Number of protein chains: 2
Amino acid sequence: MAKNKTLKFENPKVTVDIIIFTIEDNKLKTLLIKRKSPPFKGKWALPGGFLKKDEDIYNAAQRELNEETGIKGVYLEQLYTFGEPKRDPRGRVVTVAYFALVPRELMKIKAADDATDAKLFSIADSPVLAFDHRKILNYALYRIRNKIQYTNVIWSLLSKKFTLTEIQKVYEIIWGRRIDKRNFRKKLLSLGLLKSAKETLTGLRQRPAKFYSFKTTKYVELKRFF
Amino acid sequence: MAKNKTLKFENPKVTVDIIIFTIEDNKLKTLLIKRKSPPFKGKWALPGGFLKKDEDIYNAAQRELNEETGIKGVYLEQLYTFGEPKRDPRGRVVTVAYFALVPRELMKIKAADDATDAKLFSIADSPVLAFDHRKILNYALYRIRNKIQYTNVIWSLLSKKFTLTEIQKVYEIIWGRRIDKRNFRKKLLSLGLLKSAKETLTGLRQRPAKFYSFKTTKYVELKRFF
DNA sequence: TCAAAAGTGTTGTGTGTACACCCATGT
DNA sequence: ACATGGGTGTACACACAACACTTTTGA
């Protein structure tokens with residue numbers, strides 16, 4: 001572009017924000033941090049931060065994820081880029097939003113140095129958020145609800161071993177409706193992507209459930225899935 | 001984030017690049033421009049440019065689209081944000097890619113002031129592209145091929161009146177396979193989203209085809225579509 | 001009258017959905 | 001023995017896929 005028009009351009013700051021989804025107490029939750037500094041000091045917000053020099057955007061997202069949860073190597077996908085001129089009162093800030101899917105028991109939540117607190121909120125009743133983070137969160141929710149229908153990425157919310165009832169619950173929680181147990185199992189097992197372990201879930205006063213695990217960690221596009 | 005570490009951050013430039021899809025001669029094509037200035041002077045590239053001050057990203061994409069094709073108000077969707085540190089030899093440039101779906105006859109192609117030429121290339125045999133634009137184009141192609149399966153957005157490639165054979169060709173071109181005429185028509189019409197016009201396509205030495213048009217310009221999520 | 005594409009139905013197969021009872025365990 | 005969730009099969013409806021011939025026009 002023409003060098004003599006540089007006044008018309010600007011150098012925005014670029015941030016990365018992350019929606020960290022997990023399942024706890026049969027609810028879909030996301031990690032929020034309480035902001036230590038202005039703007040929106042004391043308000044809850046999505047974890048995130050500025051892109052560093054020579055840092056790839058995806059790596060920045062991984063870094064932020066790790067700073068808040070101590071996790072590496074989970075499912076992390078670019079969601080959308082938000083760049084309305086007024087979305088940050090400090091000036092022009094373009095943010096690239098990512099979302100992560102994390103098994104609850106892998107998370108070690110800690111407030112990073114830009115936050116005074118960090119905790120999981122149920123999507124249904126989370127507080128008022130800083131910036132346009134509510135919009136971003138809603139879009140992430142929309143995306144994951146679509147994605148559940150044609151990929152198996154949401155299996156990333158489960159731990160290595162799980163029962164069929166557990167995986168069904170994940171679908172019910174995200175999909176937001178009850179599923180018939182027999183039909184669910186029939187279809188799920190027919191994909192041929194699970195193998196049953198020898199262990200069972202004992203200690204409950206009921207018939208023990210078989211554990212299953214994934215044959216592969218690859219993500220698969222499914223024709224349609226519920 | 002900490003103010004005393006500003007050296008570690010940087011202010012990237014932010015650009016918008018657009019993949020403008022259209023159909024011409026029974027082929028899926030995209031608009032490329034020949035770069036007037038370094039880097040990659042003389043090379044073909046996706047149309048795009050820097051984000052202006054106080055300009056929303058989506059508006060920037062619309063502006064770029066309009067500068068190259070004279071079009072407004074067509075389907076335009078954010079694709080992905082590419083931000084590898086070395087993707088632009090001039091320095092750190094993060095680009096937000098959009099794709100547009102445009103009926104061929106609405107386009108008035110003109111080289112904007114950053115280009116010496118602009119023309120449509122068939123996706124199948126397009127030239128070597130500047131920057132990481134080949135990767136971006138490939139991703140756009142992937143996206144549109146998926147999208148065809150569960151939305152009707154690709155109807156945006158058609159003009160207001162069209163025959164059923166024309167819309168079927170769009171599907172065949174993007175989907176990359178032949179479709180049975182009877183099954184296609186049955187399913188398409190069963191959606192209830194088309195109305196038949198009174199006019200027919202005459203002047204060819206064959207039976208005249210009925211024209212159809214869309215009942216609505218809204219985009220619809222379909223369960224699955226071929 | 002001929003070439004070229006438009007238009008039109010039926011049948012078999014597979015997939016989704018609805019639905020109810022017995023089983024294994026811990027207390 | 002009983003409460004609790006685990007585990008299993010069948011029947012119907014619907015959607016998809018395969019398939020060929022007649023019609024209308026312009027030259």
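FYI, it's all coordinate maths here, none of it is from the lab. Note that this is a predicted model, so its numbers are computed, not measured. Neighbour counts run over all protein chains shown; Cβ positions are idealised from the backbone, glycine included.
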Original post:
What distance in nm separates the simple spin-label points at B:ARG185 and B:VAL153, each placed 7 Å from Cα in the Cβ direction?
Top reply: 3.0
Original post:
Can you pick out the pairs among A:LYS27/A:LYS169; B:LYS34/B:LYS135; A:LYS223/B:LYS215 whose Cα atoms lie more than 20 Å from each other?
Top reply: A:LYS223/B:LYS215
Original post:
Taking every residue in B:79-87, how many Cβ atoms of other protein chains lie within 10 Å of its Cβ, on average?
Top reply: 5
Subject >> About the Cα centre, charge dipole magnitude for chain A (Lys/Arg +1, Asp/Glu -1 at Cβ), debye >> reply: 800
**OP:** Please give the calculated 222 nm ellipticity per residue for chain B, where each DSSP H segment of at least 4 residues contributes -39500 (n - 2.57) and the sum is spread over every residue; nearest 500 deg cm²/dmol?
**Re:** -7000 deg cm²/dmol
**OP:** For A:ALA124, place a label point 7 Å out from Cα along the Cα→Cβ vector, do the same in each other copy, and report the separations in nm, one decimal, smallest first.
**Re:** 5.4
Original post:
So what does the Cα-only Debye profile of segment A:47-113 read at q = 0.16 Å⁻¹, as log10 I(q)/I(0), no solvent term?
Top reply: -0.60
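If contacts are Cα pairs under 8 angstrom and at least 6 residues apart, what is the relative contact order of segment B:61-195 in percent?
Answer for segment B:61-195 is 20 percent.
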Original post:
What nm distances, shortest first, do you get from the label point of A:GLU105 to those in the other copies when the point sits 7 angstrom along Cα to Cβ?
Top reply: 6.4
Original post:
After finding the eigenvalues of the alpha carbon gyration tensor for segment A:55-190, what semi-axes result from the square roots of 5 times each, listed largest first in whole Å?
Top reply: 30, 17, 14
Subject >> For segment A:140-219 versus segment A:43-113, the gap between their alpha-carbon centres in whole angstrom >> reply: 27
Subject >> Gaussian network model of chain B, Cα within-10 Å springs - most flexible of B:ILE18, B:ILE179, B:ILE136 >> reply: B:ILE179
**OP:** Using label points projected 7 Å from each Cα along Cα→Cβ, tell me how many nm separate A:ARG205 and B:LYS210, to one decimal.
**Re:** 6.8
**OP:** Find which of B:PHE225, B:LEU141, B:ASN26 sits farthest along the positive direction of the dipole of chain B, computed with +1 on the beta-carbon of Lys and Arg, -1 on that of Asp and Glu, about the Cα centre.
**Re:** B:PHE225
Original post:
Given charges of +1 on the Cβ of Lys and Arg and -1 on the Cβ of Asp and Glu, with all other atoms neutral, how large is the dipole of segment B:106-226 about its Cα centre, in debye to the nearest 20?
Top reply: 920
Original post:
Using a simple charge model, +1 on the beta-carbon of Lys and Arg, -1 on the beta-carbon of Asp and Glu, nothing else, what dipole does the protein assembly as shown show about its Cα centre, in debye to the nearest 20?
Top reply: 1620
**OP:** Over the alpha-carbon set of segment B:107-176, work out the extent along each principal axis and list the three values in angstrom, largest first.
**Re:** 38, 26, 19
**OP:** Take A:SER37, A:SER126 and order them by how many other Cβ atoms sit within 10 Å, fewest up front.
**Re:** A:SER37, A:SER126
**OP:** Quick one: plug the Kirkwood hydrodynamic radius of segment A:126-226 (C-alpha pairs) into Stokes-Einstein at 4 °C, 1.567 mPa s, and report D in µm²/s.
**Re:** 85
Original post:
Please identify the GluC sites (Glu not before Pro) of segment A:141-226 that satisfy two criteria: DSSP loop assignment and at most 12 other Cβ atoms within 10 Å. Which are they?
Top reply: none
**OP:** Quick one: compute the contact order of chain B, relative version, from alpha carbon pairs under 8 angstrom and 6+ residues apart, as a percent.
**Re:** 21
**OP:** Specify which residue in the list A:PRO85, A:ILE174, A:ILE123 is farthest towards the positive end of the charge dipole of segment A:76-226, using unit charges on the beta carbon of Lys, Arg (+1) and Asp, Glu (-1), about the Cα centre.
**Re:** A:ILE174
Subject >> Alpha-carbon Rg/Rh ratio, for segment A:13-71, with Rh computed the Kirkwood way >> reply: 1.01
Original post:
Once you put a point 7 Å from the Cα of A:LYS218 and another 7 Å from the Cα of A:THR165, both along the Cβ direction, what distance in nm separates them?
Top reply: 3.3
Original post:
Past the 26 Å Cα-Cα mark, which pairs from B:LYS53/B:LYS119; B:LYS160/B:LYS187; B:LYS147/B:LYS181?
Top reply: B:LYS53/B:LYS119
Original post:
Shortest first and in nm to one decimal, what separations exist between B:ARG185 and its copies in the other chains, measuring from label points 7 Å along the Cα-to-beta-carbon line?
Top reply: 4.7
Original post:
Most fluctuating residue of A:LYS215, A:LYS108, A:LYS53 in a GNM of chain A with Cα springs under 10 Å: which is it?
Top reply: A:LYS53
Subject >> Evaluated over the protein assembly as shown, the Cα radius of gyration and Dmax, each in Å >> reply: 24.7, 79
**OP:** In Å³ and rounded to a whole number, note down the convex hull volume per residue for the Cα atoms of segment A:1-115.
**Re:** 126
